[in-house]
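A short reminder: the numbers here are calculations on the coordinates, not readings from a lab. From a predicted model like this one, the values you see are computed outputs, not experimental measurements. All Cβ positions, even for glycine, are placed from backbone atoms using ideal geometry, and neighbour counts span all protein chains on display.
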Amino acid sequence: MLGDLIPLPGAGAVDVARQRAVVAKLRETLPDHCVLWREEDTRPYECDGLTLYRQLPMVVALPETEAQLIAILRACRELEVPVVPRGAGTGLSGGALPHGQGVLLSLAKFNRILAIDPLARTATVQPGVRNAAISEAVAHLGLYYAPDPSSQIACTIGGNIAENAGGVHCLKYGLTLHNVLRVRGLTIDGEAVVIGSLAPDVAGYDLLPLVVGSEGLLLIVTEATLKLVPKPQKQQVVMASFDDIEKGGDAVAAVIAAGIIPAGMEMMDKPATAAVEPFVKAGYDLDAATILLVESDGTPEEVCEEIARIEAVLQAAGATRCTVSQSEPERLRFWAGRKAAFPAVGRISPDYYCMDGTIPRKRLGEVLKAIVAMEAKYGLRCANVFHAGDGNLHPLIMFDANDPESIVRAEQFGFEILELCIAVGGTVTGEHGVGVEKIHQLCLQFDKATLAAFHAIKRAFDPPELLNPGKAVPTLNRCAEFGKMHVHGGQLKFPELPRF
Amino acid sequence: MSTQHPELDALRERVRAAAADRTPLTIRAGGSKAFYGNRCDGARLDPRGYSGIVDYAPTELVITARCGTPLADIEAAVAAERQMLPFEPPRFAAGGAQATLGGMVAAGLAGPRRVATGSLRDFVLGASLLDGRGEVLAFGGRVMKNVAGYDMARTLAGSLGTLGVLLDVSLKVLPLPPAECTLRFELDEVTAIRRLNEWGGQPLPISASAWCDGVLLLRLSGARAGLSAARTRLGGGPVGDAAASVLWADLREQRHAFFGAGDDTALWRIAVPPTTPPLNLGRTLIEWHGGQRWLVAGCDAQTVTRIRDAASAAGGHATRFRGGDAAVPAFHPLAPAVAQLNARLKQAFDPAGIFNTGRMHALA
């Protein structure tokens, strides 16, 4: 069903003799409990946060020391076995989906914070450290780690680096890339390499932007030094209602035009607020076509001045209701609904499929209207939450995974949204990564020459192309195949599939 | 994302011909930063004909322009909307040289505000490149958040034209701060470095710092109410607005008296972790809270070794930024594993080795 649309890496029956050989080789250096191959042991690793796609790995390796990690990479290099790194497995694009003939490399045991330097405002951590654990460990210094993907209590910094993870505060505080100073990694040959620096820049090419967001295709990150920033003394949020979604979009532009860069600027449409309000009781205006949350942070003086300006701009932009949080519990309650949007949608629908396109903000009204039309076309509901400040949309398509036909419609609905994002000048992924999920859409977003350059970059880091193959960048052959299936010009995509 | 432009075909033909007969090319527009990097010989390729702002939507905080666009035009366009290039790129317009967008990105340099807002690379959203095969490659995009494909657009920042000819570049811009003020402190070097890093860990609106000869200057940017609260907290003496604006511009453009190097001396740029104690290499101007240190010194073998060893020991790197002996490599040697990645990347984009070869490192 799904595999028909997206071929899973290394799909097919495991070559048992090869599996035995790989297990034997790994057990030369790893204790028995660190090498899993029986189905009951590898089953928990069959998927990541994108549960639509599942596949058993040939072998799971759980190294506990760097020496073991190096031995695994050298063994895989020698036996030409693909290696798929995995952190907490919370990724939403299938980046940690196992390779059917490969080793799934769990970095879960590399979970120590190695050093905290309060004066330099840096934390050096192993890849398996959870995102939220970093801020917890430095809270007493008045510092925190800014990127806050919604999975931050579970997701690990290794995975954040692989995906260049975002969150709700990117407009002001940047993406993972902007908050990572240096990574130490191992190449497929098991050679250590340091990318980036604690100094402001490096000699030679700046390779850090290639490594951050490379979805585990270039290096296995073994250590990262992160930038910590001072905790703002005060945070306050304005919640505004709009009776029209385009007015809400215009209000976002008006805030920016007024010279304000809010700490966060989030939008939810009516289906999203309707889903979360019974669940969270955040006090959302259920009559509004859209609500906007705009946060200011800084010193009390700065916040007071900025909140007044934000409120004035939102009123002038036609807000039908405008409420400023008057206490920390109230601020957290306003945010609770936004943060609970995904699970809340999960309560009203058996399953949901979260998309991640980014668009130029000025196209918001048009894109949301097109999504409403797609709801009718595919017979599925969709709620929209939106990192409005940076144009990153998260449509949540509701479907029923027990109904195979509903899955196909959800997937096609999602693909049509992604293609619309490209058409309006945006991208198919703002923060979740390409993984296996959006690999076909990359054929539409990038031309052949650029895709070939991506492969050349891959080979510069990983000449045998064994690190997470089949993810993130489609082969030109696959794009050619996809092109045959894909019919442009208002015609149905995947015409061979049934429609309802 | 490269728009159809008559000049593009000409550039492409030129590159294809050069690749075919392996003729080295030196990409040079206004030449405002021709002093920077190692000398490289090659026929001049001037991309200034490929010029113009393609798209600028202030409320999207994104500007897209062609590489030959004068930096002054970009800065004027964003200033008219009360926005800025947040990394404060130097223009180095001495002697009528005119910096271009392409040169700015290729050099990857930033000015005083970098300490607060981030580097030039941090603000690159997308870039297209004419590679060594004459192919136009388009990386990144025009939106704020984009993780599709490797983020090569940002790696092009600071690549000094060694990977290809930059074509179109999209940059994130930010609003101009509502207000600014400058404070002056008398502090020794050790105390200044410590104090700057302590302040960096506090929620203070510091947007630039510079220390030289026992005087620390601090610029604050932000909401008016926030500035006056911060001034009270920080102390220090006031610097008049007019004098302050000249001062920060002079630092940015290296017109400050400190930068006047003699005939046989070089201006060295030493990038180190900001908390690094004084390097004791000579009279130093410190920016970026200790992260960027300038030194005027000779280029004799002993001095070069002393400077490079000090930078390495601190976990940083030293650049012969301007002047001195052209035979001394401008850039710090690379660790072998990193040098190999640099060489493979160069090979991937410029297989015939035609672009500004040698301007950065001599790669195996």
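Before moving on, here are some points about what is shown:
- For the segment B:149-162, counting C-beta atoms of other chains within 10 Å of every residue's C-beta and taking the mean gives 6.
- Acute angle (nearest 10 degrees) that the helix B:71-80 long axis makes with the longest principal axis of chain B, alpha-carbon atoms: 60 degrees
- Peptide A:358-368 has a mean of 3 when you count, residue by residue, the C-beta atoms of other protein chains within 10 Å of its C-beta.
- In chain A, Cα pairs under 8 Å separated by at least six residues give a relative contact order of 14 percent.
- Cα gyration tensor shape of chain B, rounded if a/c is under 1.5, else prolate or oblate by comparing a/b with b/c: oblate
- Relative to the longest principal axis of the Cα atoms of chain A, the long axis of helix A:364-378 lies at roughly 70 degrees.
- Pairs of Lys in the stretch A:349-485 closer than 25 Å at Cα, counting only those 8 or more apart or on different chains: 15
- The stretch A:16-106, relative contact order [Cα under 8 Å, separation at least 6], %: 35 percent
- For the pair A:ALA67 and A:GLN233, the difference between a 0.36 nm per residue extended length and the Cα-Cα distance amounts to 55.4 nm.
- Per residue, the convex hull volume that the Cα atoms of the stretch A:113-230 enclose (Å³): 99 Å³
- Tensor-based shape of the stretch B:6-175 (alpha-carbon gyration tensor, a/c under 1.5 rounded, otherwise prolate or oblate): prolate
- As a proxy for reagent exposure, B:TRP199, B:TRP294 were ordered by neighbouring Cβ count within 10 angstrom, fewest first; the result is B:TRP199, B:TRP294.
- In a DSSP loop and with at most 12 other Cβ atoms within 10 Å, the trypsin sites (Lys or Arg not before Pro) in the stretch A:63-115 are A:ARG112.
- Beta bridges per DSSP with both ends in chain A, % antiparallel, nearest 5: 90 percent
- q = 0.05, 0.08 Å⁻¹: log10 I(q)/I(0) that the Debye formula gives for the protein assembly as shown, counting C-alpha atoms only: -0.26, -0.70
- Fewest-first ranking of B:VAL190, A:VAL238, using other Cβ atoms within 10 Å as the exposure measure: B:VAL190, A:VAL238
- Within the stretch A:188-263, trypsin sites (Lys or Arg not before Pro) in DSSP loop having at most 10 other beta-carbon neighbours inside 10 Å: none
- Principal-axis analysis of the Cα atoms of chain A puts helix A:300-316 at an angle of about 70° to the longest axis.
- Under 15 Å, Cβ to Cβ, from A:ASP117 - net charge with Lys/Arg +1 and Asp/Glu -1: +2
- For B:LYS33, a cut-off of 22 angstrom between C-alpha atoms picks up these lysines, skipping any fewer than 8 places away in its own chain: B:LYS346.
- Net charge of the neighbourhood of B:ASP122, taken over other residues with C-beta under 12 Å away and scored Lys/Arg +1, Asp/Glu -1, is +3.
- Each other residue within a Cβ distance under 13 Å of B:VAL169 adds +1 if Lys or Arg and -1 if Asp or Glu, for a net charge of +3.
- Distances between placed amide hydrogens fall under 5 Å for B:VAL62 paired with B:ALA57, B:VAL173, all partners being 5 or more residues away or on another chain.
- When only the Cβ of Lys, Arg, Asp and Glu is charged (+1, +1, -1, -1), the dipole of the protein assembly as shown relative to its Cα centre reaches about 1140 debye.
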